[in-house]
Amino acid sequence: MARQRTLMTALAASLVFSMAACGSDDDGGGGGGGGGEAAGKVGVILPDTASSARWESADRPLLEAAFEEAGVEHDIQNAQGDAQRMATIAEQMITGGVTVLAITNLDSASGAAIQRQAEQQGVQTIDYDRLTLGGESDYYVSFDNTEVGRLQGEGLAQCLGDEPANIAFLNGSPDDNNATLFSEGAHEVLDPMSQYTVVAEQSVPEWDNQQAATIFEQMYTQAGGDIQGVLAANDGLANAVISILARNNVAGTVPVTGQDATTEGLQNILAGNQCMTVYKPIQDEANALAELAVALVNGETPEVEGEVEDVEGDRTVPAVLLDPVSVFRDNVQEVVDDGYVDAADLCTGEYAAACTELGIQ
């Protein structure tokens, strides 16, 4: 049975900072927050707006608020899915004086090139959410992404039950290390369960939802419609799967997993078309990045309790790894309570009745 974790910050367990020099006593700074002005400048490059709504709707405002509170000058930009654009932004940020650069890479090769350039210029780097394989990052801030996959596997098993079932895996982008970890975690749970047979598995380049729909339609056709469950790596891919299931008049009868607890994903859960999603409290992740960056711009050496292996770089990276949360229909309210989605946005139109039934407000 899937573990439904209590929504809580994991910072205390994952990250220990000595923050005595977090800010000066002077007023001012990049954003004019309450913590005074820090000694350096932080650059953050987010990956896109297509793979998930979270980057602009959640990460950007949360990071801005955290840096402003700390009085840290900051520059947050989005690469819009273009690796060359990310490289150009990074070069401009380095030239513009950032002392700490955090990136969510589009692929490991381009991310590693950015980190090498930063290292040559004496700029410390942080991998945010996605580890850059073969890179030079000084730190890594993310969730336990293998655990995300485990929760998805456990969730699908909970929704399928003990009866024999054919399942399909619709994985994330093959050049995203997180997608690899999600798949590994899900397989770790589902492969030993002899009642399930994996009849199809494919990755979706660049997490592209339109490609996902095409890929799953091909899977469904090749299997003759004999698919009883789908391990979809995030809510966008899940929605693509649901669109094909609806076209075949079986939406709601085939459990589908997801990730990110987007409004669309939660609405699919309320409607009974999606089995579950995995919620990653982005505020905890953004705060962890901000605290780490603030320590670095002030010349501190943060004590980070976790670490991850960079298998391509033959190195271990100090890491802050936060806990993901399983979300099913009966605990959607917890995501609302956490402030990640607004009930007014969630409970519109056809979803209002389900919200009333579940007491979501």
Next item on the list: Can you tell me the relative contact order of the chain? Whole percent, Cα pairs under 8 Å, sequence separation 6 or more.
Entry: 20
Next item on the list: Working from Cα positions, state the angle (0 to 90°, nearest 10) between the long axis of helix 177-190 and the longest principal axis of the chain.
Entry: 40
Check: What does the charge dipole of segment 84-179 about its Cα centre add up to, to the nearest 20 debye, if the Cβ of each Lys and Arg holds +1 and the Cβ of each Asp and Glu holds -1?
Finding: 340
Margin query: Give me the percent relative contact order of segment 86-211, please, defined on Cα pairs under 8 angstrom at least 6 residues apart.
Written below: 22
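Quick one: of the DSSP bridges fully inside the chain, what percent are antiparallel, nearest 5?
Once the DSSP bridges in the chain are tallied, antiparallel ones form about 25 percent.
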Next item on the list: Any chance you could give the angle, 0 to 90 degrees and rounded to 10, that helix 83-95 forms with the longest Cα principal axis of the chain?
Entry: 20
Margin query: Rounded to the nearest 20 debye, what is the charge dipole size of segment 279-361 about its Cα centre when +1 sits on each Lys and Arg Cβ and -1 on each Asp and Glu Cβ?
Written below: 260
Check: Using alpha carbons only, how many degrees (0 to 90, rounded to 10) separate the axis of helix 282-297 from the longest principal axis of the chain?
Finding: 20
Notebook entry, point to check: Where the centre of each part is set by its Cα atoms, how far does segment 342-361 sit from segment 125-143, in angstrom?
Noted result: 37
Next item on the list: Within 10 Å of each residue's Cβ, count the other Cβ atoms and sort 247, 54 from fewest upward.
Entry: 247, 54
Next item on the list: Could you tell me what percent of the DSSP beta bridges with both partners in segment 199-344 are antiparallel, to the nearest 5?
Entry: 90
Notebook entry, point to check: Can you give the calculated 222 nm mean residue ellipticity of the chain, where each DSSP H run of n ≥ 4 adds -39,500 (n - 2.57) and the sum is split over every residue, rounded to the nearest 500 deg cm²/dmol?
Noted result: -11500 deg cm²/dmol
Next item on the list: Obtain the radius of gyration and the Kirkwood radius of segment 106-173 from its C-alpha atoms and give Rg over Rh.
Entry: 1.22
Note to self: Let me check the size of the chain from its C-alpha atoms; what are the radius of gyration and Dmax in Å?
What the structure shows: 20.8, 68
Check: What percent do you get for the relative contact order of segment 46-130 when only Cα pairs under 8 Å and 6+ apart count?
Finding: 29
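Could you please rank 235, 75, placing first whichever residue has the fewest other Cβ atoms within 10 Å of its Cβ?
Details: 235 30, 75 18.
Lowest to highest Cβ neighbour count: 75, 235.
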Check: What's the local net charge at residue 196, with K and R +1, D and E -1, over the other residues with C-beta under 11 Å away?
Finding: -3
Check: Fewest first, what order do 57, 173 take by the number of other Cβ atoms within 10 Å?
Finding: 57, 173
Note to self: Need the C-alpha centroid separation for segment 150-181 versus segment 271-302, integer Å.
What the structure shows: 23
Checklist line | Amide hydrogen neighbours beyond the local backbone of residue 320, cut-off 5 Å, H modeled | finding: 140, 141, 142
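No lab work stands behind these numbers, since they all come straight from the coordinates. The shown structure was predicted, so the numbers you read here are calculated from the model rather than taken from an experiment. Quick reminder, even Gly has a Cβ in these numbers, built from the backbone with ideal geometry, and neighbours come from all protein chains shown.
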